[in-house]
Amino acid sequence: MTESTSDKPVLLTMKNLRIEGRADETWAEIVHGIDLTLHKGEVLGLIGESGAGKSTVGLAAMGFTRDGCRISGGEIVFDGIDLMQASEATRRELRGKRIAYVAQSAAASFNPAHKLMDQYCEAPVQHGVMNRDEAERDAVDLYRRMQLPEPDVIGFRYPHQVSGGQLQRAMTAMAMACRPDLIIFDEPTTALDVTTQIEVLAAIRNIVEQFDTAAIYITHDLAVVAQMADRIKVLLKGDEVEEADTRSMLAAPKEDYTKSLWAVRSHARAEQPPVAADKVPVVSVQNITAGYGSVDVLQDVSFDIHERRTVAVVGESGSGKSTTARVITGLLVPRQGQILFDGATLPPDYRRRTRDQLRQAQMIYQMADTALNPKLRIRDLIGRPAQMYLGLQGKALTERIRNLLELIELEPDDYIDRLPSELSGGQKQRIGIARALAAEPKFIICDEVTSALDQLVAEGILKLLDKLQTEFDLAYMFITHDLATVKAIADEVVVMKEGKVIEQGPKSEMFQPPHDPYTELLLSSVPEMDPDWLTDLLRERDAR
Amino acid sequence: MSHIWSMIAKRLALGLLTLFIVSLLIFGATELLPGDFAEEFLGQAATPETVAAIRRELGLDLPMHTRYIEWLTGVVQGDFGNSLSNRRPVVDLISTRLGNTLFLALYAAAIAVPLSLMLGILAALFRNSFFDRFSNASALTSISFPEFFVAYILIFWLAGRGGMFPSMASFRGDPSLGEMLYRTFLPALTLTLVVTAHMMRMTRAAIINLLASPYIEMARLKGMKPMRVIVRHALPNALAPIINVIALNLAYLITGVVVVEVVFVFPGLGQLMVDSVAARDMPVVQAVALIFAAAYVLLNLTADVLATLSNPRLVHRR
Amino acid sequence: MGFLIGFLWFVAVIAACMAAGWLFRTIAIAVTPKGVKKELRTAPLTASFGMLVIIIYIIVAVFAPLIAPFPERAVLGAEYLPWDDVHLLGTDNLGRDMLSRLIFGARNTVGIAFATTALAFLIGSILGLLAATVGGWLDQALSRAVDVLMAIPALIFSLLLLTIFGTSILTLIIVIAIIDSTRVYRLARSVALNIVVMDYIEAAKLRGEGLWRLITREILPNAMAPLVAEFGLRFCFVFLAISALSFLGLGLQPPMADWGSMVKENATLIAFGDITPLLPAGAIALLTVSVNFVVDWQLHRASGLKE
């Protein structure tokens, strides 16, 4: 990151930018008068939760709006050119050549029918910046700078032949092709695993510095933005909350909303007394080997979960954490090994389990949209398990439903007859919790339940789960890929990679060295709220 | 690249298998009848002698698998047996008519395919414009009309009482190509109108779906001109869905031909089929049904293979 | 000159239809309950016109004996009488009243088409939902069987089966229903497959919900929208198919009044410039267009909601 850039010339200004979005047949304002100033070579971090309008503002910097959006007011001036007054042809000239865009999903944003090299060369050749040969040589150079494997050959592959992290770097290289003055990065690492994310972040920062490009870095991850940006602007529901240079904002945020965003990562679970050695675990996973067809997805996985304890199962995609959950619930029959519940072996297939056995173990899913039947009302969604497992009817049933709604902190009269479509993401997730509780289980599997939620909302869910655990003596298995969440809620941690348990133990032990090298990699890859974190990490890794 | 050839070979094998099973189905359908087909066929005229004669003619006294093998070997050699109505070899009845029907179908396809692709793509590009809404409503209206309705309207409007085109299409007198095209213009037009409507709507839907893809937005964000975005980015990915649309509708053309031939008294396979069904002339019905089904299977197979070849994800493996 | 007058007539007819549609929608919005009101407001003029026509057809079909001036099969006069005060649309090739036969035709053709579609739908959707929910060998067996049945074009297959089984009303309904159910099966299965992968289905299975409850409470309500739209489309296909078969003389047999066969019976009139035989064909087209407009509106809404 460069030091003070306020003495460099101004590149982009937005004054009182207003954008409207269309829902059904009516237009409503979604961005309410944002001001923005960007200097040459400066990186501005645009941060906010979903619905804040970050992407919309980022695209507006190119004079572009998506279908269903329109710029309704304000001024956008790029290097002296008024983008609102300019013709579409002028704007098109700028795009790709002087302002470039890096999308969130590289896999979807590359044309599957053309090789990477063809797509790289398209912008410079069409805008008249280079001819094809020069562009090809330049591509190889940039691929090398982005530390892509086999830089002279990789351009001649098709997008589907290249992995996600590599594609994201290739897209960044493509954005650089015309040496633009400004690049807009729209959540470029959100979809990547934490270990891959490091490489992409490093590559992006390098190249932006090397070419002295200005950038707008859009993300919802505070720690990431701390690494990448010189200044940070916080957005909330289309309004600007605060803006300051990175170090000042991290050290002393002024607004309450900003403070609450910062504080989210400080929630931590109280240390629990160690479990008595002879206590029978609620769930005991013993030597499970399982797979689909001839491929083994899990190999010799074992761990225990005790009453009133939370075991966090951590791993990246493909580690087998969700598969383990499927084996425990009986959806996947393991090839070897067994699951014990309260000391008794469970039938491996859920169809062979008794109703009571099914009742004791419940599951809460990641995406509330697909976890709740959109055609059923809350009363039925929560009531059905209570009816099936506990035989409640009529008044007793309604009483229980209202009880549960109170437990999940939703006003019963208000919510009991609603449909899921009328609820927010966080509220739907609470209904998922209530549905699990309705069965009065002893054990709940939380499958990435906060991964799809905004940080503040996720915080609320974690606190609720904590409270319920104490009240009802529940045992939790918490599946996640996010180490910050692990710190916040776990008593014990199980680290998985490619179907095997790499390391397991109490939380306090896990976050201190010595570690298995993979755990070390995982822990160190989690960005922290320190602007120098990335620089220090890279220096450390280079030194090894 | 060799894996793509093995994929195609598998598809071909599957197609042949389907054809085999279809022939079994067409042949074996007669077995479904609870009674005896010979008695059904003769109806009032059934006497023990005539029933026995028909039975022998159709080989109904032999076990089914023997009959089937005989029939199949005959078919492969071009012998479809004899017609029950007039004792002539079925293959004689079919041969000229097959050519006529193919001519009509190709005539209609040659007009319909380019026309509907063009209209469909334009409607997708100018989505929600007046042109789009009007053509959508017209297409919807057109596919709702029974073919005979369209045919009669055309006859009413363009033929009869000093009209421009003949209302009965025939190939008598060994006409030239131009003369043939003139005489069969109305039936071809009828077919074209119905098929174009279907194809246009499907093409429009496929293109609109395509245009919503993120990589199209990315191309725009790179500052590419609209024409370039359509031609270089959208079109290569549109091949597979469009091929599918064309194959589906050409297959539909096969059945549309039947009604059109009857209205215009055109000497084709469709007309033959209808007459034979009315007379319950089993050998002819089976033969024509087999030909139509084979064409259908072949079309679907070709579409499948072409779609595979135009998908870079399948052609270039990881 | 004649062309211009024809064109103006055409424009006038379209305008009148749109006006009728608008009037219908306005009145319907005024009298229906709240939920339906909201739906109706999104209906374009074409769909409103369509709904109006469908309602008129249903009324005519149900009350045919009360509306028609003469009985269906009564021979009343000379053949091919021109339009006059007694026989508003003249008489047909056997001297029966055209108008009455047209009205009874509504009952016969539409009624039989509806019954056939309902049967096809019942078979196809039950099997499709089952195949998607149960999966495994049942799904494989059913899907392969359907693939084979669909390998023969529908019209050809129905002609083949009609040759074997004859052309009574019952065989017609069963043959077409079975052939059409394959298309319904494909759609129902594909819709159900999309639903079955949802987490709430997994949650229901883990509760130990039985197959019946799973299908009726969890899957079916979420599949209704595309299924209902498909019902409309299938009705159109079946309706046109039966009319085409009757036109070819292989469907509903005389003396039953049926629009398809009526066109065929009176086709000679067209050569004399009389449009009367085109009226039953027009009746077929009008109903099909109307159903298509309504279905198109519903599909448009469904895809729009997803965005």
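The values are calculated or read from the model by the stated rules, or taken from the named source; none is laboratory data. Predicted, not measured: the structure shown is a model, and the values here were computed from it. Methodologically, a virtual Cβ is constructed for each residue, glycine included, from the backbone with ideal geometry; neighbour enumeration extends over all protein chains shown. Side chains included, ligands, DNA and RNA excluded: accessible areas come from the protein's heavy atoms. Shrake-Rupley method; radii C 1.70, N 1.55, O 1.52, S 1.80 Å.
Things worth noting here:
- Residue (of A:Ala123, A:Thr90, A:Gln147) at the positive-pole extreme of region A:73-150, dipole from beta-carbon charges: A:Gln147
- GNM top mover of C:Ala12, C:Ala43, C:Ala285 - chain C, alpha-carbon springs below 10 Å: C:Ala12
- Dipole orientation for region B:93-315: of the candidates B:Ala105, B:Gln286, B:Ser116, B:Ser116 has the Cα lying most toward the positive pole (charges on Cβ; Lys, Arg +1; Asp, Glu -1).
- Ordered from largest to smallest accessible area (heavy atoms of protein chains, 1.4 Å probe), the residues B:Trp5, C:Trp83, A:Trp262 come out as B:Trp5, C:Trp83, A:Trp262.
- Between chain C and chain B, the total buried accessible area stands at approximately 3800 Å², from heavy atoms with a 1.4 Å probe.
- Karplus-based coupling profile of region B:248-256, in residue order and whole Hz: 4, 7, 5, 4, 5, 4, 4, 7, x, with θ = phi - 60° in 6.51 cos²θ - 1.76 cosθ + 1.60 and x standing for Gly or Pro.
- With contributions of -39500 (n - 2.57) from each DSSP H run of at least four residues, the per-residue ellipticity at 222 nm computed over chain C stands at -24000 deg cm²/dmol.
- Here A:Arg377 and B:Leu14 are evaluated by their C-beta separation; at R0 = 51 Å the FRET efficiency comes out at 0.60.
- Sequence-separation-based contact order of chain B, relative, with Cα cut under 8 Å and 6+ spacing, percent: 26
- Residue order for C:Phe3, B:Phe130 - accessible surface, 1.4 angstrom probe, largest first: B:Phe130, C:Phe3
- With all protein chains modelled, accessible area of A:Trp27 [1.4 Å, Å²]: 90
- Highest average packing first - A:462-468, A:508-514, B:140-146, Cβ atoms within 10 Å: B:140-146, A:462-468, A:508-514
- Evaluated with a Cβ-only charge set (Lys, Arg +1; Asp, Glu -1), chain B carries a dipole of roughly 2060 debye about its Cα centre, given to the nearest 20.
- For region A:77-93, Karplus couplings with θ = phi - 60° (6.51, -1.76, 1.60), whole Hz, Gly/Pro x: 10, 10, 6, x, 9, 7, 5, 6, 7, 5, 6, 4, 4, 4, 4, 4, 4
- Based on C-alpha pairs under 8 angstrom that are at least 6 apart in sequence, chain A has a relative contact order of 15 percent.
- Given charges at beta-carbon only (K, R positive; D, E negative), |dipole| of chain C in Debye: 960
- Long-range HN-HN contacts of A:Ile30 with modeled amide H, under 5 Å: A:Ile19, A:Glu20, A:Gly21
- Positive-pole candidate from B:Met180, B:Thr96, B:His198, dipole of region B:93-315, charges at beta carbon: B:His198
- Probe 1.4 Å, all protein chains present, accessible-area order of C:Phe247, C:Phe49, C:Phe10, B:Phe20, largest first: C:Phe10, B:Phe20, C:Phe49, C:Phe247
- DSSP-defined antiparallel bridges as percent of all bridges, the protein assembly as shown, nearest 5: 55
- Taking every residue in C:159-172 and counting other chain Cβ atoms within 10 Å of its Cβ, the average works out to 5.
- Residue mean of other protein chain beta carbons inside 10 Å, C:200-213: 6
- Residue by residue, region A:412-417 carries 3J(HN,Hα) couplings of x, 4, 6, 9, 4, 9 Hz when phi is fed to the Karplus relation 6.51 cos²θ - 1.76 cosθ + 1.60 (θ = phi - 60°); x denotes Gly or Pro.
- The chymotrypsin sites (Phe, Trp or Tyr not before Pro) of region A:152-239 that meet both conditions, a loop assignment by DSSP and at most 16 other Cβ atoms within 10 Å of the site Cβ, are A:Phe156, A:Phe211.
- The GluC sites (Glu not before Pro) of region A:203-285 that meet both conditions, a loop assignment by DSSP and at most 16 other Cβ atoms within 10 Å of the site Cβ, are A:Glu255, A:Glu271.
- Probe 1.4 Å, protein heavy atoms only - accessible area per residue of region B:189-285 in square angstrom: 30
- Value at 222 nm in deg cm²/dmol, rounded to 500, when DSSP H runs of n ≥ 4 in chain A each add -39,500 (n - 2.57): -11000 deg cm²/dmol
- Computed accessible area, C:Asp84, all protein chains, 1.4 angstrom probe, square angstrom: 60
- With helices as the sole contributors, chain B gives -24500 deg cm²/dmol at 222 nm; each DSSP H run of n ≥ 4 counts as -39500 (n - 2.57), and the sum is divided by every residue.
- Element breakdown for region B:93-315 at a 1.4 angstrom probe: carbon and sulfur atoms account for 69% of the accessible area.
- Peptide C:257-269 has a mean shielding of 1, counted as Cβ atoms of other protein chains within 10 Å of each residue's Cβ.
- Computed with a 1.4 Å probe over protein heavy atoms only, the accessible area of C:Val31 comes to about 110 Å².
- Other-chain or far-sequence residues with amide H under 5 Å of A:Val313's (modelled H): A:Phe478, A:Ile479, A:Thr480, A:Val494
- Efficiency of FRET between C:Val148 and A:Ala251 - r from beta-carbon atoms, R0 60 angstrom, step 0.05: 0.25
- Under a 5 Å amide H cut-off, with hydrogens placed 1.01 Å from N, A:Glu307 pairs with A:Val282 among residues at least 5 apart or on other chains.
- Too-long pairs where the Cα-Cα distance tops 31 Å, listed order kept, from A:Lys375/A:Lys497; A:Lys487/B:Lys222; A:Lys115/B:Lys225; B:Lys10/C:Lys205; A:Lys15/A:Lys259; A:Lys8/A:Lys254: A:Lys375/A:Lys497; A:Lys487/B:Lys222; B:Lys10/C:Lys205
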